[in-house]
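> Have a look at this one before I ask anything.
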Amino acid sequence: MLTIIGIPFGPDSYTTCYYKALQNSGARVIKGYYSGRWLLENRRGVDCLHLNWPSFFYSDRSAIVSLRKFVRFISFFALTRLCGIRLLWTAHNLYPHDRNKIAVLDWLGRKILVSLSYRIFAHGKSAALAVTQEFPGVHGKLVIIPHGNWVGFYENECSRATARARLEIPADQFVFLFVGMWKAYKNLEYLIRCFQDGPFGGAALWIAGPFQEAEYYARVKAQVDRKPQRIRLESRFIPNDELQYYFSASNVVVLPYTEILTSGGAMLAISFGRPVIAPRLGHLQDAISPECGVLYDPSDPEGLSRAMREIQGRSFDDAVIRQHARRFEWQDAATETILAIT
């Protein structure tokens, strides 16, 4: 039986669904620990170690601590190879969205990881092309797998009327929604400025989710306070069972990222049957078809505003969007993964 160590091993929805699909395909996936001693003690019978977000292992606010963690990071994954365990990396982004204090570590970490990896996975052809262009060393190692959907994974039983009543949104108001962690690369200030300056009638903009840094929250809040009409900020973590209310109540989900390779946020939106506005970048080009939203040119200063105006004049079918989302199956990702390493 193929045995894969997962680091980290959940509880995020990506690894939960992906590892379950691998297990359904006959692989044994075990929870791994970031410890050389643990690896040496548990290496027998292990074929692969799977890694998702490498920068989490070495990033720190302190440059000195980051450097120390980086040395441990490289040592651990070099030891993985020395133990005869094949390293698998899913490239969720080209570089970390939260850049390291020592910028070269992110570049060097990726280069070393590409060198050490047996297989590297990318979500879709467009993302794979971006990875190949940035890291030519992936040639012969890169495998395309789908990013699975979350149709049925999260509760989604309430009607739009119920959701709007709960959130106190007028029945006839058009609602632009952003849900997720507030981070600088997600470009919320740009989204707010476009909404404040645009002719969107009586539409509302909702931004819901936790903020990572108080400084960024203060900047977003100050921008909203200058012209707060019909903008709602909910700076808190939205529990899984509450997500349905926000998606069901909205007309469209807006993801105005400055940079993106793979977007779990886009997959989440279409799994709820919501159309998406996003830049024409990476995995978004493969996941968001014309019946599922509008992609804009990120180099065009008016691109987002134009897309927001366009989408107000269009109609979308929730069922068609969810059916499109179902094309991207975790089980297909698992099958492709196993074929690539056996």
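The values are calculated or read from the model by the stated rules, or taken from the named source; none is laboratory data. Treat the numbers as computed from the prediction; the structure is a model and nothing was measured. In this analysis, Cβ positions are derived from the backbone assuming ideal geometry, glycine residues included, and neighbour counts consider all displayed protein chains. Note: accessible area is taken over every heavy atom of the protein model, side chains too, but ligands, DNA and RNA are not part of it. Shrake-Rupley method; radii C 1.70, N 1.55, O 1.52, S 1.80 Å.
> Give the residues of segment 283-297 that are touching a helix residue (DSSP H, G or I) at 6+ places or on another chain (Cβ under 7 Å), under 16 Å from Ala325 (Cβ atoms) and open to solvent by 60 Å² or more (accessible area, probe 1.4 Å), sorted by residue number.
Gln285, Glu291
> Using the structure shown, decide if Ala249 is more than 21 Å from the chain's Cα centre (by Cα), farther than 20 Å from Ala307 by Cβ and surrounded by 15 or more Cβ atoms within 10 Å (Cβ to Cβ).
Considered against the rule, which asks whether it is more than 21 Å from the chain's Cα centre (by Cα), farther than 20 Å from Ala307 by Cβ and surrounded by 15 or more Cβ atoms within 10 Å (Cβ to Cβ), Ala249 comes out as yes.
> Right, here's the next one. Given segment 230-342, what strands (runs of 3 or more DSSP E) lie entirely inside it while holding 3 or more residues that are hydrophobic (A, V, I, L, M, F, W, C), over 30 Å from Leu88 (Cβ atoms) and touching a residue at least 12 places away in the same chain (Cβ under 8 Å)?
Answer list for segment 230-342: 252-254.
Listed here are the residues, each with its yes/no results for (1) touching an Asp or Glu at 6+ places or on another chain (Cβ under 9 Å); (2) farther than 24 Å from Arg110 by Cα.
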position: Leu2; (1), (2): yes, yes
position: Tyr14; (1), (2): no, no
position: Tyr19; (1), (2): no, no
position: Gln23; (1), (2): no, yes
position: Ile30; (1), (2): no, yes
position: Tyr34; (1), (2): no, no
position: Glu41; (1), (2): no, yes
position: Leu49; (1), (2): no, no
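> Filtering segment 176-204 down to residues that are charged (D, E, K, R) and surrounded by 15 or more Cβ atoms within 10 Å (Cβ to Cβ), which residue is farthest from the chain's Cα centre (by Cα)?
Looking at the filtered set, the residue picked out is Arg193.
> What pairs can you find where one residue is in segment 158-175 and at negative phi and free of Cβ contacts under 8 Å to residues at least 12 places away in the same chain, the other is in a helix (DSSP H, G or I) and open to solvent by less than 70 Å² (accessible area, probe 1.4 Å), and their Cβ atoms are less than 7 Å apart, with a gap of 6+ or different chains?
Ala171/Arg164
> A further question on this structure: Here are the criteria: (1) touching a Cys at 6+ places or on another chain (Cβ under 6 Å); (2) free of Cβ contacts under 8 Å to residues at least 24 places away in the same chain. Tell me which single one Gly148 does not satisfy.
With respect to (1) touching a Cys at 6+ places or on another chain (Cβ under 6 Å); (2) free of Cβ contacts under 8 Å to residues at least 24 places away in the same chain, Gly148 is out only on (2).
Quick grid of which residues meet (1) over 22 Å from Lys125 (Cβ atoms); (2) open to solvent by less than 50 Å² (accessible area, probe 1.4 Å):
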| site | (1), (2) |
| --- | --- |
| Ser299 | no, no |
| Ser305 | yes, yes |
| Ala325 | no, yes |
| Phe328 | no, yes |
| Asp332 | no, no |
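> To continue, here is another question. Inspect segment 152-167 for any residue being farther than 28 Å from Tyr19 by Cβ, in a helix (DSSP H, G or I), open to solvent by 70 Å² or more (accessible area, probe 1.4 Å) and among the hydroxyl-bearing types (Ser, Thr, Tyr) and give the result as yes or no.
Checked segment 152-167: at least one residue is farther than 28 Å from Tyr19 by Cβ, in a helix (DSSP H, G or I), open to solvent by 70 Å² or more (accessible area, probe 1.4 Å) and among the hydroxyl-bearing types (Ser, Thr, Tyr).
> Select from segment 254-272 the residues that are touching a Pro at 6+ places or on another chain (Cβ under 9 Å) and of a type in the set (Ser, Thr, Tyr) and write down the one among them that is least open to solvent (accessible area, probe 1.4 Å).
Looking at the filtered set, the residue picked out is Tyr257.
> A further question on this structure: Could you list all residues from segment 159-215 that are touching a Gly at 6+ places or on another chain (Cβ under 8 Å) and closer than 19 Å to Ile260 by Cβ?
Phe178, Val179, Gly180, Met181, Trp182, Lys186, Gly209
> With Ser248, Ser235, Ser159 as the choices, which residue is among the hydroxyl-bearing types (Ser, Thr, Tyr) and in contact with a strand residue (DSSP E or B) (Cβ under 6 Å, 6 or more places away or on another chain)?
Selected residue: Ser235, the only one of Ser248, Ser235, Ser159 that is among the hydroxyl-bearing types (Ser, Thr, Tyr) and in contact with a strand residue (DSSP E or B) (Cβ under 6 Å, 6 or more places away or on another chain).
> Right, here's the next one. Looking at segment 164-185 only, could you name the residues that are closer than 30 Å to Asp286 by Cα and of a type in the set (A, V, I, L, M)?
Val175, Leu177, Val179, Met181, Ala184
> Does segment 205-219 hold any residues that are farther than 24 Å from Asp60 by Cα and either modelled with pLDDT under 90 or surrounded by fewer than 20 Cβ atoms within 10 Å (Cβ to Cβ) (or both), and which are they?
none
> When the residues of segment 308-319 are narrowed to those that are exposed (fewer than 14 other Cβ atoms within 10 Å of the Cβ) and not hydroxyl-bearing (Ser, Thr, Tyr), which ends up farthest from the chain's Cα centre (by Cα)?
Gly313
> So which pairs qualify, if the first residue must be in segment 181-206 and in a helix (DSSP H, G or I), the second must be open to solvent by 30 Å² or more (accessible area, probe 1.4 Å) and of a type in the set (D, E, K, R), the Cβ gap must be under 7 Å, and the two must be at least 6 apart or on different chains?
Tyr185/Glu259; Glu189/Arg219; Gln196/Lys227
> Still on this structure, I have one more. Output the residues belonging to segment 96-124 that are more than 21 Å from Tyr185 (Cβ to Cβ), of a type in the set (Lys, Arg) and outside any helix (DSSP H, G or I).
Of everything in segment 96-124, just one residue is more than 21 Å from Tyr185 (Cβ to Cβ), of a type in the set (Lys, Arg) and outside any helix (DSSP H, G or I), namely Arg119.
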